[in-house]
1. Going by the structure shown, is B:A87 more than 10 Å from chain A (Cβ to nearest Cβ) and either in contact (Cβ under 8 Å) with a residue 60 or more places away in the chain or small (G, A, S) (or both)?
2. Taking the criterion of being over 16 Å from the mean Cα position of the chain (by Cα) and assigned by TED's automatic domain parsing to the domain that holds B:G184, would at least one residue in segment B:73-88 satisfy it?
3. Please determine, by comparing only the residues of segment B:29-51 that are out of contact with any strand residue (DSSP E or B) (no Cβ under 6 Å at 6 or more places or on another chain) and at pLDDT below 90, which one is surrounded by the fewest Cβ atoms within 10 Å (Cβ to Cβ).
4. Here are the criteria: (1) in a helix (DSSP H, G or I); (2) touching a Phe, Trp or Tyr at 6+ places or on another chain (Cβ under 9 Å); (3) not acidic (D, E). Tell me which single one B:T103 does not satisfy.
5. Would you point out the residue of segment B:19-56, among those that are of a type in the set (D, E, K, R) and in a strand (DSSP E or B), that is nearest to the chain's Cα centre (by Cα)?
6. Where in segment A:1-102 are there helices (runs of 4 or more DSSP H), lying wholly inside it, with at least 2 residues that are more than 14 Å from chain B (Cβ to nearest Cβ) and surrounded by fewer than 17 Cβ atoms within 10 Å (Cβ to Cβ)?
7. Collect the residues in segment B:50-59 that are in contact (Cβ under 8 Å) with a residue 60 or more places away in the chain and at the interface with chain A (Cβ under 7 Å from one of its Cβ atoms), keeping them in residue-number order.
8. Among the numbered criteria (1) buried (at least 18 other Cβ atoms within 10 Å of the Cβ); (2) in contact (Cβ under 8 Å) with a residue 40 or more places away in the chain; (3) more than 11 Å from chain A (Cβ to nearest Cβ); (4) not basic (K, R), which one does B:A105 miss?
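The values are calculated or read from the model by the stated rules, or taken from the named source; none is laboratory data. What you see is a predicted model, and the numbers here were worked out from it, not measured in a lab. Here Cβ is always computed from backbone atoms with ideal geometry, including for glycine, and neighbour counts include all displayed protein chains.
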Amino acid sequence: MIAALRCVIVRDLRLAARRSSDVLTVVLFFVIVVSLFPLGIGPEPKLLRTVAPGVLWVAALLASMLALGRVFAADHADGTLEQMMLGATPLGLVVAAKVFAHWLISGLPLVLISPVLALQFDLSQELLGVLALSLALGTPILSLIGAIGAALTLGLRGAGTLLSLLVLPLYVPVLVIGAGAAEAAASGLGGHAQLLLLGAMLIFAGAFAPWAAAAALRISVE
Amino acid sequence: METTLEAVDLRCARGERTLFDGLSFTLKGGELLRIGGPNGSGKTSLLRIACGLLEADRGEVRWGGEDIRRLKEEFWVRLLYIGHANALKDDLTASENLSVACTLAGVVADELQIGEALVRLGLAGRANLPARVLSQGQRRRVALARLALGADAPLWVLDEPFTALDTAAIDCVQGLIGGHVSRGGGVLYTTHYEASIGAAVSRRIDLAGT
């Protein structure tokens with residue numbers, strides 16, 4: 001079972017490495033959106049510092065949504081998904097492995113470059129840490145919730161639009177709490193409460209979302 | 001070990017059309033069962049129901065007397081299903097594809113066995129080519145190479161295994177199927193090709209297609 005999960009993760013990473021343009025699109029989108037804000041708003045340090053957490057979070061959210069459609073689509077099209085359903089490993093665990101691989105490909109790079117991008121907003125070092133940490137806890141939640149939406153809209157026409165409509169309302173709490181962490185830290189309150197809340201949401205989503213996505217996949221494939 | 005697949009009073013409708021109704025069959029170990037019928041008569045749907053991918057509108061499929069929708073993974077480890085789609089990734093090589101397919105199915109196969117299976121299907125020297133550059137027939141061969149490693153699964157369900165294959169490959173696949181049946185495995189398959197597979201018990205169900 002462990003071998004099957006490792007195999008799924010390694011396979012998805014290998015596929016991403018051989019088709020790196022998909023990964024780059026997401027990262028470039030994130031970099032471009034975040035970099036455009038200081039140019040558009042103007043060089044007012046105080047204003048930039050205020051909007052920084054929100055801008056980075058919104059950009060990360062949109063970037064991760066950009067990659068969502070691909071979580072299951074290719075496997076569905078070529079029949080691999082059917083084989084996963086008929087495999088020896090429970091589908092929920094396979095989905096969890098796929099979501100984890102998806103996050104490594106499309107979420108982790110955003111977390112890693114976020115401190116560099118945040119420098120454009122004149123954030124203090126401590127805030128950079130809080131922001132990156134909130135993204136590190138928050139982007140996996142986005143991937144997990146997004147996987148349910150991707151599974152539900154699998155194989156539908158206009159799946160992209162429907163997926164955004166389905167998933168966005170569920171993303172809002174993550175966005176509010178995630179961006180709130182850095183804002184609270186900036187105001188001197190400390191972002192611990194928000195980070196703990198994000199951690200709790202991550203555990204909850206990690207435990208339940210893969211099974212919900214697996215159930216949705218079984219319906220989609222019928 | 002009980003290795004009987006039983007379909008009881010199955011009904012499947014697609015939209016307004018009833019594909020089949022009241023269909024029952026039993027497939028014991030060592031038997032070969034071919035599903036025939038014209039295009040669109042519900043052969044693939046029947047196979048998908050037998051695997052548990054699709055829910056029948058009525059009736060149930062049992063493995064060793066138990067409903068497969070309750071057995072789930074317990075049934076699926078004993079099943080080798082090869083559908084219409086080859087389940088190959090264009091960017092992975094033939095041997096990587098086969099290795100992933102085996103691992104997902106819970107079959108342990110080392111690199112040597114993977115290589116042997118590919119050679120057996122006539123893919124010697126193609127193992128390290130990405131699936132993207134293989135022809136349709138070669139891609140089908142990679143998918144079917146699982147049969148050479150699937151001796152442990154007592155039930156094979158094959159959807160049109162002979163499509164896109166040349167005569168040499170068809171002979172090879174027929175040999176694999178015949179070997180499996182003689183080992184005591186059950187094979188449920190569809191084909192339009194008049195296959196000649198040596199089996200002690202070989203039956204055929206024809207779906208009418210209304």
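1. no
2. yes
3. B:N39
4. Condition not satisfied by B:T103: (2).
5. By that ranking, first place goes to B:R34.
6. Fully inside segment A:1-102 and qualifying: A:20-41, A:45-68.
7. B:C51
8. Just one mismatch for B:A105, condition (3).
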